[in-house]
Every structure is written in C-alpha cells, then in structure tokens.
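Here the structure is laid out as structure tokens; the discussion comes afterwards.
The values are calculated or read from the model by the stated rules, or taken from the named source; none is laboratory data. Predicted, not measured: the structure shown is a model, and the values here were computed from it. Here the Cβ positions follow ideal geometry from the backbone for every residue, glycine too, while neighbour counts run over all protein chains shown.
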Amino acid sequence: MSSVNTTIQLITREQAEAAQSHIPGQPGRAQESCDEDLAQGPWEFDLAEALAGTPGYGPGASNEDTAPASTPVQGQLPQEYKDASDAELEGRIRAAKAVLGERVVVLGHFYQRDEVVAFADFVGDSFQLANAAKNRSEAEAIVFCGVHFMAETADMLSGSHQSVILPNLAAGCSMADMADLPSVEACWAELEALYGTEPDAEGRVPVIPVTYMNSSAALKAFCGERGGIVCTSSNASTVLDWAFERGQRVLFFPDQHLGRNTAKAMGIPLEAMPLWNPRLPLGGNSQQVMEAAKVVLWQGFCSVHKRFTVAQIEKARADFPGLRVIVHPECPMEVVDAADEAGSTDYILKAIQGAPDGTTFAIGTEINMVNRLAAQYPQHTIFCLDPVICPCSTMYRIHPGYLAWVLEGLVAGEVRNQITVPETTAVNARIALERMLAAKPRSAARA
Ligand code: SF4
C-alpha cells in the first residue's frame with residue numbers, strides 16, 4: 001500500500017490532468033483528498049504564514065480552525081532541503097542518524113506520515129513516546145516527530161541533560177490550542193464564585209480540573225497547582241473516578257468529546273454535562289444548569305475525529321456485513337454510540353492484533369495510522385471510515401526535509417527548534433502527570 005502522502009500526490013496529479021484534458025475523473029477511483037494543497041511541501045505554508053504574520057494549521061483536517069496569534073511560526077527551511085528528492089533526504093537522514101548513533105532518539109507519533117515514521121526509533125501515542133524519551137537517558141537529543149504539546153511533555157519527563165526537538169515549530173495541535181491558560185483561569189474564577197472553595201462534609205472540593213494530555217504544559221501545571229490531574233484517552237475513566245473521589249464535580253478540558261463519551265459511559269446524565277463556551281458568561285449556561293453540573297466540558301474538539309459520522313458507519317455496515325467498527329473517543333458521542341467499540345490508538349492496535357484472521361474493520365481515527373495498520377495486518381481488511389483522505393494538518397507539518405535539517409544540525413553541533421518548558425511550569429505539570437500515573441482503575445484499587 002502506498003503512503004497517504006504518495007496517494008494524495010497521485011490524486012492531485014490525476015485531478016489536474018483530468019481538468020486539463022477535460023476528461024472527467026474516473027468514478028469509482030475510490031479516493032479523494034480534502035485539500036489539494038496537501039501535495040505541496042509544508043514549507044509553502046511556513047512561508048505564507050510568515051509573510052502574512054498570521055499562523056495557521058496548513059491543509060488537512062484542522063485547516064478551518066483558527067490558530068491563536070501566539071502559535072509559533074516556523075522559520076524558513078533552507079532551500080537545499082526543499083529541493084532534495086525523497087531518496088536524497090532518506091540518504092541524508094540515515095547518514096546523520098548513523099553519525100549520531102545513541103546520541104539521538106527519533107520518536108514518531110502514530111498519526112505521522114510514513115515517510116517520517118520510517119526513521120523513528122519508537123512509534124506510539126503521545127504518552128508512550130514521552131515514556132520512550134524518559135527511558136532513553138543516554139540520548140542527548142530527542143527528536144519528536146509529533147506536535148508541540150507532545151514535545152513539551154517529553155521535555156518535562158526527560159532528563160535536564162537532554163534537548164527535545166520539534167522538527168517544525170508550526171506543528172501544534174488545534175485541539176490543544178482551543179484552551180489557553182487565561183481562558184481557563186477566567187473559567188475557574190467563575191466556577192469558584194459559583195461553587196465556593198470549601199470542601200463538602202466528605203472532604204470533596206467543589207471542582208477538580210482534569211486536562212487531556214493534548215494540552216499545553218501551562219494547563220497541565222494549572223491542574224497540578226489546583227489538585228487536578230492529566231488524562232489520556234486510555235485512562236480517562238480511571239482519572240474521572242480519581243477526580244470524583246476528591247471532588248464534587250469536574251472541569252474537563254480541552255476535548256468535550258472525550259469528556260462526554262467517558263462520563264456518559266460512567267452513567268453521568270447528559271444534562272449534568274454543560275458545555276463551557278469561554279467567550280460567554282457562565283460558559284453560556286444558566287446558573288441552574290451549572291448548579292446541577294457534574295462534568296463541565298470545555299468547548300474543544302479534534303478536527304480530525306470530528307469528521308467521522310453516523311452516516312459513514314451506516315454506509316460501511318451496508319457495504320461490509322459483519323464489519324467491526326472501532327472509533328477513537330475523540331469522535332462525537334453519536335459516532336461512538338453507533339460504533340461497536342471506542343478506544344485509544346493503543347486499544348485499536350490491540351483489537352486488530354487480537355482479532356481472528358479475516359476480520360473486516362472500519363476505523364475512525366487518523367488516516368496515516370489506519371493505512372499503516374492495513375499494511376501491517378494484511379490478514380484483515382482494514383479501512384478508514386472517512387472515504388476522503390484528510391490527515392491531521394498539524395502532524396502534516398513534519399516532513400522528512402525538516403527531519404534532515406534538525407538531524408544535520410545536531411551533527412554540526414547545533415540544536416535547532418528546541419522545545420523547553422520553564423521549570424516553574426514543569427514542576428506543577430509533573431505533579432498532575434504523576435497523579436495520573438499513580439491513579440489505579442477501580443477494579444485494581446479494590447484488589
Ligand atoms: S489528530 Fe487532533 S488531537 Fe491529534 S494532533 Fe491532530 S488535531 Fe491534535
């Protein structure tokens with residue numbers, strides 16, 4: 001199976017040829033991409049954004065999201081890396097890695113393009129990769145082929161002698177950017193005014209802040225300072241149990257869908273989960289609604305997982321009777337309800353590994369991961385629920401050209417694009433991360 005990027009380039013070329021020769025595209029040629037700009041090098045967007053002075057997310061699923069003005073803008077990649085062929089970049093990356101040896105470790109997120117994952121020493125989700133960074137203490141440099149919040153977490157969990165490098169600074173995460181520290185602090189002040197700060201008779205404080213791993217280090221620190229905690233998509237229900245042992249209610253940010261799907265599965269009614277719009281007083285809710293709240297959901301979402309729909313599931317089931325549908329819990333609630341199962345990237349991987357040969361899977365998560373699974377497990381039929389190829393636009397900003405540039409920088413003794421979390425922030429963020437690591441599922445806690 002060709003990579004997502006190769007397929008996008010093919011689609012774009014075919015579309016251009018069809019337009020030129022006035023030949024309609026071939027119906028039944030299964031795929032289309034959501035944006036023909038995906039066929040370009042990401043440096044085109046770095047340049048456009050630098051010239052316009054307005055950062056964006058580039059083409060892909062979060063193209064339409066508004067990037068905050070504070071989003072880092074990547075400086076220009078030297079021309080030699082833009083002009084290099086795939087084969088030349090491959091040779092340069094391999095040569096730089098060979099020179100650096102154990103001094104460097106390259107981490108690749110599941111959602112990263114194949115052309116980058118090919119050079120990763122570890123591939124995994126954000127937390128697995130942060131742990132991989134922690135366990136490679138001999139590496140002076142950790143090159144994180146993922147997005148900004150992941151590199152921040154790796155920096156906080158790795159040693160002080162290690163540098164964490166994000167090959168393209170424009171690789172943020174649109175969901176993480178939907179909650180910033182001033183907005184969350186303003187929300188917190190409103191919640192304190194409403195609920196007070198005193199614990200109840202059982203010693204439970206009015207609100208516990210819970211942040212998804214997909215958030216800035218500043219928000220993890222906010223949670224650490226206020227008795228709160230971090231969660232991942234693998235442990236969200238364990239973390240909510242932990243929070244409800246200590247608090248009467250939870251403020252969950254930034255992903256409303258993970259919060260809603262997890263709390264609903266725990267039996268919390270939807271009417272006790274108001275959505276918090278940071279631009280409106282009381283988040284756009286009445287006092288009565290807020291008084292009945294158990295989980296206050298921040299109005300954030302992932303634009304990749306928002307693309308999945310119930311109609312896609314119905315169509316896939318009609319086309320493939322006996323199909324097994326697994327979606328990520330960042331998908332909207334209706335989609336999770338219509339699927340057979342919902343789980344993290346690790347859950348999806350293990351479900352595929354454990355399935356009897358010949359199983360047909362429709363998967364609701366990022367296309368690079370789904371296509372890689374399809375190639376790695378040919379004994380199954382595996383396809384993405386979304387028929388349109390639309391990768392995560394921020395993961396897309398990492399290209400082998402940037403990887404070669406940062407690795408050759410290291411060979412020359414220069415650390416490029418280092419991500420550093422100030423120690424004053426990291427101290428409190430680590431508290432929230434450590435609480436997560438110490439939280440045990442209810443069944444384990446009883447055992
Ligand atoms: S897939 Fe969604 S949550 Fe993950 S990095 Fe991309 S935008 Fe962020």
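Of these, GLY413, GLY401, which one is of a type in the set (Gly, Ala, Ser) and not in a loop (DSSP other than H, G, I, E, B)? Talk me through it step by step, then tell me what you get.
Values: GLY413 fails: not in a loop (DSSP other than H, G, I, E, B).
When all the criteria are applied, what remains is GLY401.
Collect the residues in the stretch 276-330 that are free of Cβ contacts under 8 Å to residues at least 40 places away in the same chain and in contact with a His (Cβ under 7 Å, 6 or more places away or on another chain), keeping them in residue-number order.
none
Return the residues of the stretch 165-217 that are without any contact (Cβ under 8 Å) to a residue 24 or more places away in the chain and assigned to a helix (DSSP H, G or I); say none if nothing qualifies.
Selection gives PRO182, ALA189, GLU192, ALA193.
Among the residues of the stretch 403-421, is there at least one that is surrounded by 16 or more Cβ atoms within 10 Å (Cβ to Cβ) and touching a Pro at 6+ places or on another chain (Cβ under 6 Å)?
Yes, there is a match, as at least one residue in the stretch 403-421 is surrounded by 16 or more Cβ atoms within 10 Å (Cβ to Cβ) and touching a Pro at 6+ places or on another chain (Cβ under 6 Å).
Return the residue satisfying two criteria in turn: it lies in the stretch 300-319 and is of a type outside the set (A, V, I, L, M) and surrounded by 18 or more Cβ atoms within 10 Å (Cβ to Cβ), and of such residues it is farthest from PRO274 (Cα to Cα).
Among those that are of a type outside the set (A, V, I, L, M) and surrounded by 18 or more Cβ atoms within 10 Å (Cβ to Cβ), it is GLN312.
Residues to consider are GLY358, GLY413, GLY354; find the one that is within 30 Å of ALA141 (Cα to Cα) and without any contact (Cβ under 8 Å) to a residue 60 or more places away in the chain.
Numbers: GLY358 fails: within 30 Å of ALA141 (Cα to Cα); GLY354 fails: within 30 Å of ALA141 (Cα to Cα).
Among GLY358, GLY413, GLY354, only GLY413 is within 30 Å of ALA141 (Cα to Cα) and without any contact (Cβ under 8 Å) to a residue 60 or more places away in the chain.
For the stretch 363-393, name all the residues that are closer than 19 Å to SER303 by Cα and aliphatic (A, V, I, L, M).
Of everything in the stretch 363-393, those that are closer than 19 Å to SER303 by Cα and aliphatic (A, V, I, L, M) turn out to be ILE363, ILE367, MET369, VAL370, LEU385, VAL388, ILE389.
Please verify whether the stretch 220-227 includes one or more residues that are touching a residue at least 24 places away in the same chain (Cβ under 8 Å), in the same structural domain as TRP242 (by TED's automatic domain parsing) and part of a loop (DSSP other than H, G, I, E, B). Before you say what the answer is, go through the steps one by one.
Of all residues in the stretch 220-227, those touching a residue at least 24 places away in the same chain (Cβ under 8 Å) come to 220-226.
Next, from what is left, pick out any that are in the same structural domain as TRP242 (by TED's automatic domain parsing): 220-226.
Retained after the next criterion (residues that are part of a loop (DSSP other than H, G, I, E, B)): 226.
For the stretch 220-227, residues touching a residue at least 24 places away in the same chain (Cβ under 8 Å), in the same structural domain as TRP242 (by TED's automatic domain parsing) and part of a loop (DSSP other than H, G, I, E, B): present.
What are the residues in the stretch 416-447 that are over 30 Å from ALA118 (Cα atoms) and part of a loop (DSSP other than H, G, I, E, B), if any?
PRO422, ALA439, LYS440, PRO441, ALA447
Output the residues belonging to the stretch 344-368 that are more than 15 Å from the ligand (Cβ to nearest atom) and not in a helix (DSSP H, G or I).
ALA355, PRO356, ASP357, GLY358, THR359, THR360, PHE361, ALA362, listed by residue number.
Do we find that CYS392 is hydrophobic (A, V, I, L, M, F, W, C) and farther than 24 Å from SER85 by Cα in this structure?
Taking the combined requirement at face value, the residue does not satisfy it.
Please indicate, with yes or no, whether at least one residue in the stretch 369-378 is within 19 Å of CYS390 (Cα to Cα), more than 16 Å from the ligand (Cβ to nearest atom), modelled with pLDDT of 95 or more and not in a strand (DSSP E or B).
Yes, the stretch 369-378 contains a residue that is within 19 Å of CYS390 (Cα to Cα), more than 16 Å from the ligand (Cβ to nearest atom), modelled with pLDDT of 95 or more and not in a strand (DSSP E or B).
Any idea how many residues of the stretch 385-398 are over 17 Å from the mean Cα position of the chain (by Cα) and either under 21 Å from VAL106 (Cα atoms) or more than 15 Å from the ligand (Cβ to nearest atom) (or both)? Give the steps one after another, and end with the answer.
Quick first cut of the stretch 385-398, residues over 17 Å from the mean Cα position of the chain (by Cα) only: 385-389.
The next check asks that each one be either under 21 Å from VAL106 (Cα atoms) or more than 15 Å from the ligand (Cβ to nearest atom) (or both); those that pass are 387-388.
Total satisfying the criteria: 2.
Considering only residues that are within 16 Å of the ligand (Cβ to nearest atom), modelled with pLDDT under 95 and either surrounded by fewer than 23 Cβ atoms within 10 Å (Cβ to Cβ) or within 27 Å of THR54 (Cβ to Cβ) (or both), which ones fall in the stretch 128-152? Please lay out each step first, then the result.
Narrowing the stretch 128-152 to residues within 16 Å of the ligand (Cβ to nearest atom): 128-130, 144-152.
Restricting the remaining residues to those that are modelled with pLDDT under 95 gives 128-130.
Within the stretch 128-152, GLN128 is the sole residue that qualifies.
Residue-wise test of (1) closer than 30 Å to HIS380 by Cα; (2) modelled with pLDDT of 75 or more; (3) outside any helix (DSSP H, G or I).
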residue: MET1; (1), (2), (3): yes, no, yes
residue: GLU14; (1), (2), (3): yes, yes, no
residue: HIS22; (1), (2), (3): no, no, yes
residue: ARG29; (1), (2), (3): yes, no, yes
residue: LEU38; (1), (2), (3): yes, yes, no
residue: GLU44; (1), (2), (3): no, yes, no
residue: LEU51; (1), (2), (3): no, yes, no
residue: PRO55; (1), (2), (3): no, yes, yes
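What single numbered condition from (1) in contact with a Leu (Cβ under 7 Å, 6 or more places away or on another chain); (2) farther than 24 Å from ALA426 by Cα; (3) surrounded by fewer than 23 Cβ atoms within 10 Å (Cβ to Cβ) fails to hold for VAL104?
The failed condition is (2).
Which one of these does GLU190 not meet: (1) of a type in the set (Asp, Glu); (2) closer than 23 Å to LEU410 by Cβ; (3) away from the ligand (no atom under 16 Å from the Cβ)?
So the condition that GLU190 fails would be (2).
Quick check on the stretch 84-95. Is at least one of its residues surrounded by 16 or more Cβ atoms within 10 Å (Cβ to Cβ), hydrophobic (A, V, I, L, M, F, W, C) and within 16 Å of the ligand (Cβ to nearest atom)?
no
Select, from ILE363, ILE348, the only residue that is in contact with a helix residue (DSSP H, G or I) (Cβ under 7 Å, 6 or more places away or on another chain) and not hydroxyl-bearing (Ser, Thr, Tyr).
After applying the criteria, what remains is ILE363.
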